[in-house]
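**Q** Sharing a structure below in structure tokens format, with a few things to ask.
Read-outs throughout are calculated quantities, based only on the coordinates presented, and are distinct from any laboratory measurement. A quick note: this is a predicted structure, and the numbers were derived from the prediction, not measured. When we count neighbours, we look across all protein chains shown, and the Cβ atoms used for this are built from the backbone with ideal geometry, even at glycine.
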Amino acid sequence: MKSLFTISLVLSVLSAGYAQQAASTAKPGANQKEAKEMERQKWNAVLTGKETRVSFSTNPNKLLAETIRGLRPGKALDVGMGQGRNTLFLARQGWDAYGVDIADEAVNLAQDNARKANLRITTFIQDDSEFDFGSNRWDLVAFIYAGGRHHVDKVYQSLKPGGLVVIEGFHRDATKQRKIGENVVFDTDELKKLYTAAGFTIVRYEEKVGVGDFGLQQMRLVKLVAQKKK
């Protein structure tokens, strides 16, 4: 069994709003650019395995896999793609897979693995807060332990009619046990209310206990699949 120290470390480094989380850990007086650089270095270490105390799944996210099962492949965006486990999975399933992440070394690792597997993925090394989601561009947008509350209107605008958004993160209850980055923590019904108000139809919503992709521990999770009106 992993030590509580390891588990706490895993969850304390996990966040989705890269710039916001970095600001809370940066030295006093550090500007936004320095904060983002600290965040980039941290996630490069975690996602490329240099930080070996941090446990996370390298397999495709189960919610994402269940959501696309039986769907006709289209164009998908993996926000906070990291080392590309979900981006590469989407490409293997025939999707035109795109990913965005601030961690350049992790993104480069994803591209290396794509070449080895003879897969094509398109990647952007960029903070998602600065990324242009576009308009009527995607059939699917995924935020897997990568936020999802801050870009609701952008996501709606960027999805094609009938397009899906898939989100997984931690429920607020999980923070009673240990520290977790605020941007991957959601209150009861928070995402459901946000996406309903934006015009989405909720296809699936859960707040059950399960094994999180980061930390690999039993914790209360939040899962949402929502669809833009056709």
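**Q** Fully extended, how many nm does the chain gain between ARG115 and GLU34 (0.36 nm per residue separation, minus their Cα-Cα distance)?
**A** 25.9 nm
**Q** If you take every residue apart from ALA103 with its C-beta less than 10 Å away from the C-beta of ALA103, what net charge results, scoring Lys and Arg +1 and Asp and Glu -1?
**A** Surrounding charge for ALA103 is -2.
**Q** How much length would be gained if the chain were fully extended between ASP132 and TYR205, taking 0.36 nm per residue of separation minus their Cα-Cα distance, in nm to one decimal?
**A** Numbers: separation 73, 0.36 × 73 = 26.28 nm, distance 2.69 nm.
The ASP132-TYR205 span can extend by a further 23.6 nm.
**Q** Net charge around ALA117, counting only other residues with Cβ within less than 15 Å of its Cβ (Lys, Arg = +1; Asp, Glu = -1)? Please list the in-between numbers first.
**A** Values: positive: ARG85, ARG92, ARG115, LYS116, ARG120; negative: ASP112.
Combined, the nearby Lys, Arg, Asp and Glu give +4.
**Q** Could you name the lysines whose alpha carbon sits less than 18 Å from that of LYS179, not counting residues in the same chain fewer than 8 places away?
**A** Result set, ordered by chain and number: LYS2, LYS42.
**Q** Straight distance only, please: which lysines reach the Cα of LYS229 with their own Cα at less than 21 Å, same-chain residues fewer than 8 apart left out?
**A** LYS75, LYS154, LYS160, LYS192, LYS193
**Q** Could you tell me what percent of the DSSP beta bridges with both partners in the chain are antiparallel, to the nearest 5? Let's see the in-between values first.
**A** Details: 16 of 38 bridges.
That works out to approximately 40 percent antiparallel.
**Q** Would you work out which of ASN59, VAL155, ASN136 lies farthest towards the positive end of the dipole of the chain? Charges go on Cβ: Lys and Arg +1, Asp and Glu -1.
**A** Sorting the options by dipole projection puts first ASN59.
**Q** Moving to a separate point now. Starting from the Cα gyration tensor of the chain, take the square roots of the eigenvalues, sort them a ≥ b ≥ c, and report rounded, prolate or oblate (rounded when a/c is under 1.5, otherwise prolate if a/b is larger than b/c, else oblate).
**A** Numbers: a/c = 1.39, a/b = 1.20, b/c = 1.16.
Rounded, because the longest to shortest axis ratio a/c is under 1.5.
**Q** Can you tell me how much longer the chain between LEU71 and ASP96 gets when fully stretched, taken as 0.36 nm per residue apart minus their C-alpha distance, in nm with one decimal?
**A** Contour length minus the Cα-Cα distance gives 7.7 nm.
**Q** Kindly provide the helix-only [θ] at 222 nm of the chain, computed as the sum of -39,500 (n - 2.57) over DSSP H runs of four or more divided by all residues, to the nearest 500 deg cm²/dmol?
**A** On the way: 8 runs with 77 residues, N = 230.
Calculated at 222 nm, the ellipticity per residue is -9500 deg cm²/dmol.
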